[in-house]
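Colleague: Mind having a look at this structure? Questions to follow.
The values are calculated or read from the model by the stated rules, or taken from the named source; none is laboratory data. Computed from a predicted structure; not experimentally measured. In this analysis, Cβ positions are derived from the backbone assuming ideal geometry, glycine residues included, and neighbour counts consider all displayed protein chains. SASA here: full protein model, heavy atoms, side chains in, ligands and nucleic acids out. Shrake-Rupley method; radii C 1.70, N 1.55, O 1.52, S 1.80 Å.
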Amino acid sequence: MLESYKKEFYRENKLIHLNNAGLAPISKSARDKINYWSERFYQEGFYTDKDYMNDVQHTRNSLAYLIGCHSEEIAFFQSTAGAISQLCFHFPLSSGDEVITWDQEYASNLYPWQEACKRSGAKLIIVESAENLSTPVEKIIEKMNSKTKLIAISWVQFLTGSVTDIKKLSRVTNEKNIFLFVDVMQGLGLHSFHMKDWGVDAVAGGSHKWLTSPVGVGFLALDSKFMNIIKPHNIGAYTFGTCDDPTDLTCIPKKNALKFEAGSKQVLEITALGASVDLILKTSVIIIEEEILKLSHRLNEGLKDLGYSTFYNNGSIVNFIPTKVTENKLLSLPCNFAKRGPGIRLSPHAFNSISDIELVLAVLKQ
Ligand SMILES: Cc1ncc(COP(=O)(O)O)c(C=O)c1O
């Protein structure tokens, strides 16, 4: 299973991809899907209409399975920020309400909530991370009070991979009737997740990291019990029906998350996302996670042996404090990386090999 997963990724050019928490290469299945649809659009145009719509629906079904929700609870956007904006600007916030988040959230999860609070008069409570940028759930729970309406946090943080215990958090949010929104961008596809079983009210994420599909798709999953209270942000033909319906000023929006998709979609990117999600499901998240942990653990240990200080949370991300020559050494391989937070972020995926990791360690040792 793992071997066939690894074979899905192009390794002929010797590039080492260790910025998968930034932008991962896409799988062969995703590449083939794009080629398939571009060829059919080229040859058949409108005759593809039903088929491509079915394939978009297939992606929705597969993604719902990966997230642990129903497919009619999922809407596609162009980015995670777009998906979060849909939720935050239509969530019923008012003056005096409080929204809680971490002080190290990625901008696409921080700025929309900041703006939603500004517009509504709600207060954004920014919780200070704990030692070494860790994110213990107790620090969030401590800040909850009768004014808290919503928690908006990432499951896995982008700087160092710090994880917040979502199951533990939802026990409290459910009891206190506080809405729990989780940005799953840095965790979905690499660790098991289940929105319903974990008691999460809404999630958002995107296509181009751990899901190894092209840039350009964000998604929102909103629990049906909140569907009535969140109005669509963008409005168009598909809010109500399809492009084939005659205009009707009295029509009413769809009842499920499809009402959030106002118009025509990014068919190539969405169907490619579906192909990569199918690959993850076929391989199994457990197998992918196991391999990622093996690689990141070795990377972390190797860096520590070389004398580097590291930030590692038993996930994919290993962040370490570089010396003056570290960047040039990595670039010489070449191995990509990101400068994030305290140091340099490396983030192996399951398609990486142990020899990628050993090569990086060897060049850093020189
Ligand atoms: C936690 C998190 N959310 C979202 C994103 C991506 O946001 P967007 O799709 O809006 O570019 C990133 C990218 O680094 C991220 O780390």
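Colleague: Give me the distance between the Cα centres of segment 231-249 and segment 275-348, rounded to whole Å.
Modeller: Each part reduced to its Cα centre gives a spacing of 45 Å.
Colleague: If you don't mind, another one. Using Cα positions and a limit of under 23 Å, work out the lysines in reach of K254, with same-chain residues fewer than 8 apart set aside.
Modeller: K50, K196, K225, K231, K265
Colleague: Which whole-number value in Å² is the accessible area per residue of segment 135-205, probe 1.4 Å? Mind showing how you got there, number by number?
Modeller: Details: 2430 Å² over 71 residues.
Accessible surface, normalised per residue, equals 34 Å².
Colleague: Calculate the spin-label point distance for S95 paired with I354, positioning each point 7 Å from the Cα along the beta-carbon direction, and give it in nanometres.
Modeller: If labels sit at I354 and S95, their model points lie 6.4 nm apart.
Colleague: Here's a follow-up. Looking only at the chain, where both bridge partners belong to it, what percent of the DSSP beta bridges are antiparallel (to the nearest 5)?
Modeller: Details: 19 of 38 bridges.
About 50 percent, rounded to the nearest 5.
Colleague: Considering only protein heavy atoms, what per residue accessible area in square angstrom results for segment 310-366 with a 1.4 angstrom probe? Don't skip to the end; give the middle numbers.
Modeller: Values: 2440 Å² over 57 residues.
On a per-residue basis, segment 310-366 sits at 43 Å².
Colleague: Would you work out the relative contact order for segment 102-188, in percent, from Cα pairs under 8 angstrom that are 6 or more residues apart? Provide the component values of the computation, followed by the final result.
Modeller: On the way: 103 pairs, mean separation 26.7, N = 87.
Relative contact order of segment 102-188: 31 percent.
Colleague: If you roll a 1.4 angstrom probe over the protein chains with everything in place, what fraction of the accessible area of the chain belongs to carbon and sulfur, to the nearest %? Could you put the intermediate results ahead of the total?
Modeller: Values: 8700 of 16410 Å².
Carbon-and-sulfur percentage of accessible area, whole number: 53.
Colleague: Quick check on segment 24-170: of the DSSP beta bridges with both residues there, what percent are antiparallel, nearest 5%? Mind dumping the intermediate values first?
Modeller: Details: 1 of 9 bridges.
Given both bridge residues lie in segment 24-170, the antiparallel proportion sits at roughly 10 percent.
Colleague: Another one. Average projected area of the Cα convex hull of the chain, in nm²? Show your work: numbers first, answer last.
Modeller: Working: hull surface 77.3 nm².
The orientation-averaged projected area of the Cα hull of the chain comes to 19.3 nm².
Colleague: Evaluate the relative contact order of segment 233-333 (contact order divided by residue number), counting alpha-carbon pairs under 8 angstrom at least 6 apart; express in whole percent.
Modeller: Working: 69 pairs, mean separation 17.3, N = 101.
Reported as a whole number, the value is 17 percent.
Colleague: Can you return the lysines within cross-link range of K123? Criterion is Cα-Cα under 19 Å, with same-chain partners fewer than 8 residues away left out.
Modeller: Here the lysines satisfying the reach criterion relative to K123 are K139, K143, K147, K149, K176.
Colleague: Now, a different point. Using a 7 Å offset from the Cα along the Cα-to-Cβ direction at both S146 and S192, what is the distance between the two label points in nm, to one decimal?
Modeller: Label-label distance for S146 and S192, simple model: 4.0 nm.
Colleague: Full extension from N61 to T242: what is 0.36 nm times the residue separation minus their Cα-Cα distance, to one decimal in nm? Don't jump to the answer; show the numbers that get you there.
Modeller: Details: separation 181, 0.36 × 181 = 65.16 nm, distance 1.95 nm.
Fully extending the segment from N61 to T242 adds 63.2 nm.
Colleague: Oh, and also: Could you rank the peptides 71-83, 211-223 by their average count of other C-beta atoms within 10 Å per residue, with the highest value first? Before the final figure, lay out the partial values.
Modeller: On the way: 71-83: 21.8, 211-223: 24.4.
Sorting 71-83, 211-223 by mean packing, highest first, produces 211-223, 71-83.
Colleague: Counting only DSSP beta bridges with both residues in segment 110-245, tell me the antiparallel percent, nearest 5. Intermediate results must be reported in sequence, preceding the final value.
Modeller: Details: 6 of 15 bridges.
The antiparallel proportion sits near 40 percent.
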